[in-house]
Amino acid sequence: FYSDSEEKMGNAFEDIPRENIYLASKTGAETPQDFWSDLKTSLKSLKTDYLDLYQFHNISFVPKEDDELFQTMLEAKEKGMIRHIGITTHKITFAHEAIESGLYETLQYPFSYLSGEEEIELVEKCKDLDVGFIAMKAMGGGLIKNSKASFAFLNQFENVLPIWGIQHMYELEEFLSYPSDLGLDDELQKIIENDKKEQV
């Protein structure tokens with residue numbers, strides 16, 4: 001899905017002790033054959049023999065425990081090729097179905113300060129069910145321009161790991177400059193409220 005990103009990451013992390021990094025990837029496969037092909041490609045490109053997290057990515061159904069596809073994922077875990085199982089989706093109904101199944105350790109779903117109550121409730125439900133929440137489109141798919149406000153907002157949720165969509169070194173440096181305990185103050189809250197009004 002993402003061109004040569006895994007190959008670039010594999011080259012970048014090649015000399016770093018494997019236990020010092022967490023590697024996650026995903027597959028859009030809906031058959032066991034495609035699943036194995038995708039997983040082997042990812043492992044080869046990332047130059048590793050296992051992934052910390054492997055996710056079903058935005059497929060047309062939520063794999064259940066007795067589905068052949070989910071059993072294939074479990075087989076990969078039993079073989080030590082993956083350590084944790086997750087799922088990504090853009091559909092709120094799929095998100096609830098997945099986390100209620102008890103099969104998935106993480107959910108990846110769009111979430112930013114432009115999100116509504118429905119998404120916040122989903123984040124809280126994940127916390128209650130001990131499911132990690134990976135926030136895709138943490139900058140609102142490019143609609144959010146203030147990274148500090150976004151960082152502070154998502155920092156309120158201890159079970160949320162944001163994907164910032166960084167494309168330039170200066171963006172990385174910007175995020176790394178924020179303290180890990182950055183919270184919302186009146187100024188940042190005002191920025192968020194104004195941005196939400198503009199998107200209505």
Fill in the blank from the handout: For the chain, the accessible surface attributable to carbon and sulfur atoms (probe 1.4 angstrom, ligands and nucleic acids excluded) amounts in percent to 49 percent
Exercise for the section: Exposed loop chymotrypsin sites (Phe, Trp or Tyr not before Pro) only (DSSP loop, at most 14 other Cβ atoms within 10 Å): please give the longest stretch of the chain free of them, not including the sites. Expected result: 62-200
Problem - Rounded D (µm²/s) - the range 148-200, Kirkwood Rh over Cα pairs, Stokes-Einstein at 20 °C, 1.002 mPa s - result: 176 µm²/s
Practice task
Kindly give Rg over Rh for the chain, based on alpha-carbon atoms, with the Kirkwood expression for the hydrodynamic radius.
Solution key: 0.98
Handout entry: Sparse-neighbour loop sites [GluC sites (Glu not before Pro); the range 101-173; at most 13 other C-beta within 10 Å; DSSP]
Key = Glu158
Problem - Cα-based helix-to-principal-axis angle, 68-78 vs the chain, degrees rounded to 10 - result: 90 degrees
Fill in the blank from the handout: Between the Cα axis of helix 117-128 and the main Cα principal axis of the chain, the angle (0 to 90°, nearest 10) is 50 degrees
Exercise for the section: Mark the label point 7 Å from the Cα of Asn146 along Cα→Cβ and return the residues of the range 85-117 whose backbone N is within less than 20 Å of it. Expected result: 111-117
Problem - Residues of the range 1-42 with amide N under 20 Å of the 7 Å Cα→Cβ point at Lys79 - result: 23-42
Completion exercise
Computed over the chain: longest principal axis from alpha-carbon atoms vs helix 92-101 long axis, angle to nearest 10 degrees, is 60 degrees
Exercise for the section: May I ask you to compute the full-extension gain from Lys44 to Gln189, defined as 0.36 nm times their residue separation minus their alpha-carbon distance, rounded to one decimal in nm? Expected result: 47.8 nm
Fill in the blank from the handout: Out of Trp36, Phe94, Leu161 - ranked by how far each Cα lies towards the positive end of the dipole of the chain, with unit charges on the beta-carbon of charged residues - the top one is Trp36
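The values are calculated or read from the model by the stated rules, or taken from the named source; none is laboratory data. Just so we're clear, the structure is a prediction, and the values are computed from it rather than from any experiment. Neighbour counts run over all protein chains shown; Cβ positions are idealised from the backbone, glycine included. We work out accessible area using only protein heavy atoms, side chains counted, and drop any ligands, DNA or RNA first. Shrake-Rupley method; radii C 1.70, N 1.55, O 1.52, S 1.80 Å.
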